[in-house]
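Each remark here refers to the structure printed beneath this line.
Just so it is clear, none of the values below were taken in a lab; they were calculated from the coordinates. Fair warning: this is a prediction, and the values are worked out from it, not measured in the lab. Virtual Cβ from ideal backbone geometry, glycine too; neighbours counted across all protein chains shown.
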């Protein structure tokens, strides 16, 4: 899987991950991963479109790749595609971003299928009952206010299932509460 992601990075940019980061940042991958200076006072101030662009170009600093960034990027994808297409794009995008920033996608870290699919469902449901014509920054703020708690999946999953290897690698249906 890792080689496949690196090949995609080469196809998109014409360079390998290390060269891309040196070109964009003048930094090595490890130096970029250690960079802690955010470009905005808070992530909520960063325009969603710019956040998505820095994520898809793999230039978003790891320190800014947090839960709220995941939600904003997920929101943008679900707004611009069907839930199935959004999930596919997020799945690939997160794996590519992780590989580009030195996060290995393994059985114990990196991309998590069940959590990603769960949040695509949450975001899709949110958009069904929300005025989608609002500016995306307003939608993002409302999404985070309603569903921004990191512990939300634990209302649907026991900790053991959610943190299992099976849940990281494949979709697992909730065991505590049905997705309605």
*Report, as a whole number in µm² per second, the diffusion coefficient that Stokes-Einstein gives for segment 52-122 at 20 °C and 1.002 mPa s using the Kirkwood radius over alpha carbon pairs.*
177 µm²/s
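Which whole-number percentage describes the relative contact order of segment 70-139, with Cα contacts under 8 Å and a sequence gap of 6 or more? It would help to have the intermediate numbers written out before the result.
On the way: 43 pairs, mean separation 25.0, N = 70.
About 36 percent, as a whole number.
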*With labels modelled as points extended 7 Å from the Cα through the Cβ direction, what inter-label distance (nm, one decimal) is found for residue 80 paired with residue 104?*
3.2 nm
*Taking 7 Å along the Cα-to-C-beta vector as the label spot, tell me the residue 166-residue 152 distance in nanometres, rounded to one decimal.*
2.5 nm
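Using a 10 Å cut-off on Cβ atoms, rank the peptides 89-98, 155-164 from the highest mean neighbour count down. Please list the in-between numbers first.
On the way: 89-98: 19.7, 155-164: 15.1.
The packing order, highest mean first, is 89-98, 155-164.
So what is the diffusion coefficient of segment 84-129 in µm² per second by Stokes-Einstein at 10 °C and 1.306 mPa s, using a Kirkwood Rh over Cα pairs?
In µm²/s, the coefficient is 141.
Normalised by the residues of segment 47-179, what does the relative contact order come to in percent, with Cα pairs under 8 Å and at least six apart?
27 percent
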